[in-house]
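Input: a single structure, listed below in structure tokens.
The values are calculated or read from the model by the stated rules, or taken from the named source; none is laboratory data. Just so you know, these numbers come straight off a predicted model, no measurement behind them. For neighbour counting, all protein chains shown are included, and Cβ atoms are generated from backbone atoms with ideal geometry for every residue, glycine included. All accessible areas refer to the heavy atoms of the entire protein, side chains included, with ligands and DNA or RNA removed. Shrake-Rupley method; radii C 1.70, N 1.55, O 1.52, S 1.80 Å.
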Amino acid sequence: MLLMIISSPAFSQKPARIYPEVKQDSVIYYADNIEIYPVSLSFSGQPSLENLKMPGKFQAVTVLPPSTTRNKVAVFLISDRKKGWKIKNMPNYYTLAGDATVKTYDAGYVYDLPFRKGQSFTVHQGYNGTFSHKDENSLDFTMPEGTEITAAREGKVIDLVQSNNRGCPTVSCANLANYVSIMHADGTIAQYFHLKQNGVKVKAGDSVKKGDVIALSGNTGWSNGPHLHFVCFLPDAEKPKQKNTLKTLFRTGDGTGSEYLTEKKTYSKQY
């Protein structure tokens, strides 16, 4: 049996553990999730069985709750105990951070700009930008290294990296970005990238409020200058190596209005 494990991009998660147990006339597959956030198992096909049957439909996606063990993934019943049985093939699976069964989210939620009141920064690269945002709804704010980054939305810190100290303007440095990941109440996940080495001000498991300082901006990873890369997404079981990135509304100016941010435009935060 071959199990292929691919974590979601920019997540330092450990693979979910899947294991079978034989009990009388059944074979049960369980999975453990040691992470503090939900993890989805996405199977690439259906099992191939000999003298075994399934009491129900094999689930292509199984969501494992945070910090849990012995989550039931699949049950196979032995058809005839007088004969030999075999799981000829258990399909490959991917692990994705978050609940990949979530299809609807709060699209009308209005985010705060991810920096302090009284500051202004330019969106250097916007949605579907030509440098590194092709087919991706993400934003790059040009800002000096060491700028305080604030949470654009309340949520739970589920993952972070802050040990990297290098960046370069090519994709070869993409895995060297420091970042913070925050999961929101509707299942979406926001990530704040290119942070300064040892510049993260929160820890995994923290609950943060909108406006809390979470990190210092930097120039790590795939970067051609100091900036903050902000992206919000849902895990997508159909495209496990990609993110279902989302456009997000932001409060701008004095905070009375909201808009989708535009490339090359400067935004101020006066709230």
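Worth a mention:
- For VAL200, residues with placed amide H under 5 Å, excluding near neighbours: LEU216
- Taking all protein chains into account, the per residue accessible area for the stretch 169-271 stands at 43 Å² (1.4 Å probe).
- Placing +1 on the Cβ of every Lys and Arg and -1 on the Cβ of every Asp and Glu, with no other charges, gives the stretch 78-225 a dipole of roughly 780 debye about its Cα centre.
- What the stretch 10-164 shows is 48 Å² of accessible area per residue, with the surface traced by a 1.4 Å probe over protein heavy atoms.
- Structure-derived Cα extents along the principal axes in Å: which label, when the choices are (1) 46, 42, 37; (2) 76, 38, 32; (3) 104, 57, 40: (2)
- At an R0 of 25 angstrom, the distance between the Cβ atoms of ASN89 and ASP25 translates into a FRET efficiency of 0.75.
- Unmatched cysteines, the chain - criterion: no other Cβ of a Cys under 4.7 angstrom: CYS232
- Apportionment of accessible area to carbon and sulfur, the chain, percent (1.4 Å): 49
- For the stretch 70-110, the number of Lys pairs separated by eight or more positions or lying on different chains, with C-alpha atoms closer than 30 Å, is 5.
- Selection among TYR179, GLN191, SER217 by position relative to the dipole of the stretch 163-217 gives SER217 as farthest towards the positive end (Cβ unit charges, Cα centre).
- Coupling constants for the stretch 41-47 follow from the phi torsions by the Karplus curve (6.51 cos²θ - 1.76 cosθ + 1.60, θ = phi - 60°), and in residue order they are 9, 10, 8, 8, x, 9, x Hz; glycine and proline get x.
- Cβ-placed point charges (K, R +1; D, E -1), dipole of the chain about Cα centre in debye, nearest 20: 660
- In range of the label at THR142: residues from the stretch 223-254 whose backbone nitrogen is under 20 Å from the point 7 Å along Cα→Cβ: 223-231, 253
- Taking 0.36 nm per residue of sequence separation and removing the Cα-Cα distance, the LYS239/ALA204 pair yields an extension gain of 10.0 nm.
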